Amino acid sequence: MASLIVETEAYVIDDPACHGYGGESARNRSMYGPPGHAYVYFIYGVYWCVNAVCRPKGIAEAVLIRAVEPIAGIDLMRERRPVAHDKQLTNGPGKLCTALEIDRALDGADLCDANSPLWIARNPEHKKLLLDKGPMITTTRIGISKAAHLPLRFYLSGSAWVSRQVKSAKR
């Protein structure tokens, strides 16, 4: 399976919504590094969410992958997450983890190693992609109560797979 990341949210060290804000625990240990690894956690007793750890070891900052656009393997995603419309397969962090079968077993996976069961690659046609699916929108985060006002959510406005478009967002 392969997907294009079309929506993310950042969680930074001084951010009360960041899982690392209160200190290291068994749940958030992967968020403390090293960078380039997955931080996978369970929310609401129902959904898994996946983040890319992005700061040096010891600094808990990560980027939540909020939505992806399927490129390959959509039939398998449909089996794992039956929905009325394909755009509902992966247009949210819990949805994409179900469709891509991401769970706690992938916590700590090396996202920079193509031999890892979960990895992120640079799109060699990223400039064309931005022209086709852009612009990139910066707006406030959604689905949280703490520090929701921070402009740390980013999405490609031309993708139909984004969880929620915002009309008054910054381009």
(message) Filter the stretch 65-105 down to the residues that are under 17 Å from His37 (Cβ atoms), in a helix (DSSP H, G or I) and in contact with a Cys (Cβ under 9 Å, 6 or more places away or on another chain) and list them by number.
(response) Cys97
(request) Would you please list the contacts, defined by Cβ atoms under 6 Å and residues six or more apart or on different chains, that run from a residue in the stretch 53-67 that is closer than 22 Å to Ile5 by Cα to a residue that is among the aromatic types (Phe, Trp, Tyr)? (result) Val53/Tyr39; Ala60/Tyr32; Ala62/Tyr11; Ala62/Tyr39; Ala67/Trp161
(request) From (1) surrounded by 16 or more Cβ atoms within 10 Å (Cβ to Cβ); (2) within 30 Å of Gly23 (Cβ to Cβ), pick out the condition that doesn't hold for Ala148. (result) (1)
(message) Name the residue that is farthest from the chain's Cα centre (by Cα), counting only residues in the stretch 1-30 that are assigned to a loop (DSSP other than H, G, I, E, B) and of a type in the set (Val, Ile, Thr).
(response) Ile13
(request) Please state which of the following conditions Arg29 fails to meet, knowing it meets all the rest: (1) surrounded by 15 or more Cβ atoms within 10 Å (Cβ to Cβ); (2) within 21 Å of Cys112 (Cβ to Cβ); (3) of a type in the set (D, E, K, R). (result) (1)
(message) Is it the case, given these coordinates, that Gly45 is at pLDDT below 95, buried (at least 19 other Cβ atoms within 10 Å of the Cβ) and farther than 26 Å from Lys127 by Cβ?
(response) no
(message) List pairs: first residue in the stretch 99-125 and within 14 Å of Ser30 (Cβ to Cβ), second residue hydroxyl-bearing (Ser, Thr, Tyr) and at pLDDT 95 or above anywhere in the structure, Cβ distance under 7 angstrom, at least six positions apart or on different chains.
(response) Asp107/Ser30; Asp107/Tyr39; Gly108/Ser30; Ala109/Ser116; Asp110/Ser116
(message) Quick test of your reading of the structure: Leu150 fulfils all but one of (1) among the hydrophobic types (A, V, I, L, M, F, W, C); (2) touching a helix residue (DSSP H, G or I) at 6+ places or on another chain (Cβ under 7 Å); (3) closer than 20 Å to Ile43 by Cβ. Name the failing condition by number.
(response) (2)
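In this structure, does Ala62 turn out to be small (Gly, Ala, Ser), closer than 14 Å to Gly108 by Cα, surrounded by 21 or more Cβ atoms within 10 Å (Cβ to Cβ) and under 12 Å from the mean Cα position of the chain (by Cα)?
yes
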(request) Using the structure shown, decide if Ala72 is of a type outside the set (S, T, N, Q), touching a residue at least 40 places away in the same chain (Cβ under 8 Å) and either under 16 Å from Cys18 (Cα atoms) or surrounded by fewer than 19 Cβ atoms within 10 Å (Cβ to Cβ) (or both). (result) yes
(message) So if I check each of Asn115, Asn123, which one is of a type outside the set (Phe, Trp, Tyr), surrounded by fewer than 19 Cβ atoms within 10 Å (Cβ to Cβ) and either at pLDDT below 95 or under 15 Å from the mean Cα position of the chain (by Cα) (or both)?
(response) Asn123
(request) Examine the stretch 57-76 for a residue that is at positive phi, of a type outside the set (Lys, Arg) and touching a Gly at 6+ places or on another chain (Cβ under 8 Å), and state whether such a residue exists. (result) yes
(message) The conditions are (1) closer than 22 Å to Arg81 by Cβ; (2) in contact with an Asp or Glu (Cβ under 7 Å, 6 or more places away or on another chain); (3) of a type outside the set (S, T, N, Q), and Tyr32 fails exactly one of them. Which is it?
(response) (1)
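The values are calculated or read from the model by the stated rules, or taken from the named source; none is laboratory data. Values in this document were obtained by computation on a predicted structure and should not be read as measured data. A quick note on method: Cβ atoms are made from the backbone with ideal geometry, for glycine too, and the neighbour counts reach across all protein chains shown.
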